[in-house]
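Below is one structure, written out as structure tokens; comments come after it.
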Amino acid sequence: QKDPHTLPGRSAVVHLFEWKFDDIAEECERFLGPFGFAGVQVSPVSENVIVENRPWYERYQPISYKIATRSGDEAAFARMTQRCNNAGVRIYVDAVFNHMSGDHPNAVGTGGSTANTYNKEYPAVPYGNNDFNPTCAVNNYQDANNVRNCELVGLHDLKLSSDYVRGKIADFLNHLIHLGVAGFRLDAAKHMWPGDIQIITSKLSDLNITYGFRSGARPFIYQEVIDLGGEAISAKEYVNIGLVTEFKYSSSIGSAFRGDNPIKYLKNFGEGWGFLNGGDSLVFVDNHDNQRGSGAGGSSILTYKQSKLYKMAVGFMLAWPYGFPRVMSSFFFDDKDQGPPADGNGNTLNVVINPDMTCGNGWVCEHRWRQIYNMVAFRNAVEGTSVNDWWDNGNKQIAFCRGGKGFVAFNDEFGIDMKQTLQTCLSPGTYCDVISGTNKGGSCSGKQITVGGDGKAYIEILSKEDDGILAIHVNSKL
Ligand code: AAO
């Protein structure tokens, strides 16, 4: 099911990686709602095994389907869905049901449940040994049976062909639907047979109308399938169920803005690059795996650590009409396994907000960078238009219009200024560049751009500037 049930005029979601539910609720009211975000992907909510040193990835090892993690309990989850839906922001849960945990001596979960992982016994569900596929390791991506019936990194692989297992999973997801979610990211979908996913999703309830969903609305589904080509399993096998994460987009946009592949080639970014159809794709610059070197994409991926290039890549994603975009919101890390900011007892720290709107306490909050949230507003403003008046310098400077509603330019050259008079396709007048500043009550804190009677304007992005983008749109007219 591909409809994300976003409110009109909202078109991008943010992954608030490892945030606590109470912080997400606050964020929906104080920031995401007012700044036009459509929804939030929350980290897995089902009780997970506590792993020594509390790495972030323990959340991908469920021990039960109780809502009890470092992000909060069921009461906190329910407060969050209520407050976010009221603020016009949808909640999507990262759902982990390909597997339970790996092996851990004396396994105890974040909600106090226990398991004998070596015997594959999870009494809090309950699941027993018979509810799992026989033990074997995923070690051959050329063999679909191996990828789907064996254990991904030692995680005990649920027998999704079983009616009992399907029923337990559907009960868990239906409980979340009852509590007001709009849909799910399906973790490790590549490791599940599309036919099994189809049967599970067919058991799901309609969305809960008390949270403002229309009657008969089906849960939004987007599936994590890594397909860079060359393997037995293709992302296309999943598109009749819902959207699919397009990892080719993530690695290609990184290579482009890193300069390995001049951005002039982005002119047909999308299907023309061998990606899925735009209507089937969930797109992103980085995700929680490939920002720390796992998953797919390797060294081409851009993250908050390369901030100037990162803002350009995210800005391009939001300006470009292909796919359903997800913005990453991270915590600072040096070690790839490091968990979220936490106190000495392993409790996740609150997100604190600085006077300049950025975050403290170890949270990066890319979604609160002006260049990023203003491009979310740009995407909302140009919704429904296509690209026109593409311009490039034959290399790493580009500009384009969105149907008379917005204009954006990028200078990705190293050491070369951009100084051009270009067709903006906007109506004559003065506009505020929403990258170098913000248009607040008619006063612009950034560059001012004058569009003449012919729609043309002088556009300047110097190589030494903090940002390599310039963007103006109908709502930034002064
Ligand atoms: C942890 C420990 C393990 C331990 C295990 C059990 O790290 O050592 O054995 O616990 O105790 C996360 C972490 C894991 C962690 C797990 C559980 O990333 O490290 O294991 O939680 O705590 C594959 C899957 C994909 C998966 C990705 C990470 O297909 O679904 O690996 N992503 C999701 C989540 C992720 C989570 C899980 C799944 C599990 O987003 O956070 O794991 O719930 C190829 C394949 C891909 C495959 C990658 C990596 O990719 O195509 O399908 O992803 O390999 O194995 C080029 C290629 C590209 C290739 C890539 C890497 O880029 O073009 O295709 O190289 O070779």
Next on the checklist: At 25 °C and a viscosity of 0.890 mPa s, what translational diffusion coefficient does Stokes-Einstein give for region 1-145, taking Rh as the Kirkwood radius over Cα pairs? Give it in µm²/s as a whole number.
Outcome noted: 147 µm²/s
Checklist entry - Distance from the Cα centre of region 1-38 to that of region 58-94, in angstrom? => result 13 Å
Next on the checklist: Going by Cα centres, region 392-430 and region 283-298 are how many Å apart?
Outcome noted: 29 Å
Item to check | Over the chain: helical MRE at 222 nm, DSSP H runs n ≥ 4 each giving -39500 (n - 2.57), nearest 500 | outcome: -5500 deg cm²/dmol
Checklist entry - Shape of region 105-224 from its Cα gyration tensor (a ≥ b ≥ c, root eigenvalues): rounded if a/c is under 1.5, otherwise prolate when a/b > b/c, or oblate? => result oblate
Item to check | Rounded to 10°, Cα long-axis angle of helix 307-319 versus longest principal axis of the chain | outcome: 90 degrees
Checklist entry - So what does log10 I(q)/I(0) come out to for region 215-281 at q = 0.22, 0.24 Å⁻¹, using the Debye formula with one equal point on every Cα and no solvent? => result -0.94, -1.04
Item to check | Pairwise centroid distance, computed over Cα atoms, of region 130-174 with region 238-272, Å | outcome: 30 Å
Checklist outcome for this item: Relative contact order as a percentage, region 11-149, C-alpha pairs under 8 Å and 6+ apart, gives 23 percent
Checklist entry - Counting only protein heavy atoms, what percent of the accessible surface of region 96-232 is carbon or sulfur at a 1.4 Å probe? => result 50 percent
Item to check | Whole-percent carbon and sulfur share, accessible surface of region 349-399, 1.4 Å | outcome: 45 percent
Item to check | Principal axis dimensions, largest first and in whole angstrom, of the chain by Cα | outcome: 73, 45, 45
Checklist outcome for this item: Taking a ≥ b ≥ c as the square roots of the eigenvalues of the Cα gyration tensor, with a/c under 1.5 meaning rounded and otherwise prolate when a/b exceeds b/c and oblate if not, region 283-362 is oblate
Item to check | Over region 305-428: Kirkwood hydrodynamic radius from C-alpha pairwise inverse distances, Å | outcome: 16.9 Å
Checklist outcome for this item: Counting sequence-distant residues (5 or more places) and residues on other chains, those with an amide H built under 5 Å from that of Gly403 are Ser386, Asn388
Checklist outcome for this item: At q = 0.12, 0.17, 0.21 Å⁻¹, the log10 of I(q)/I(0) for region 49-117 from a Debye sum over equal Cα scatterers comes to -0.37, -0.67, -0.91
Checklist entry - Which of the peptides 16-24, 155-163, 210-218 is most tightly packed, and how do the rest follow, going by the mean number of other Cβ atoms within 10 Å of each residue? => result 16-24, 155-163, 210-218
Next on the checklist: Going by average Cβ density within 10 Å per residue, which order do the peptides 342-355, 241-254 take, highest to lowest?
Outcome noted: 241-254, 342-355
Checklist outcome for this item: Heavy-atom accessible area per residue of the chain, all protein chains kept, 1.4 Å probe, expressed in Å², is 36 Å²
Item to check | Positive dipole terminus of region 302-370, leading residue within Val364, Val314, Asn350 (C-beta point charges) | outcome: Val314
Checklist outcome for this item: With N residues in region 325-384, Rg(alpha-carbon) / (2.2 N^0.38 Å) equals 1.39
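The values are calculated or read from the model by the stated rules, or taken from the named source; none is laboratory data. Bear in mind the structure is a predicted one, so any value in this text is a computation, not a measurement. No Cβ is skipped: glycine too gets one built from the backbone with ideal geometry, and neighbour counts run over all protein chains shown. Just the protein is used for accessible areas: all its heavy atoms, side chains included, with ligands, DNA and RNA removed. Shrake-Rupley method; radii C 1.70, N 1.55, O 1.52, S 1.80 Å.
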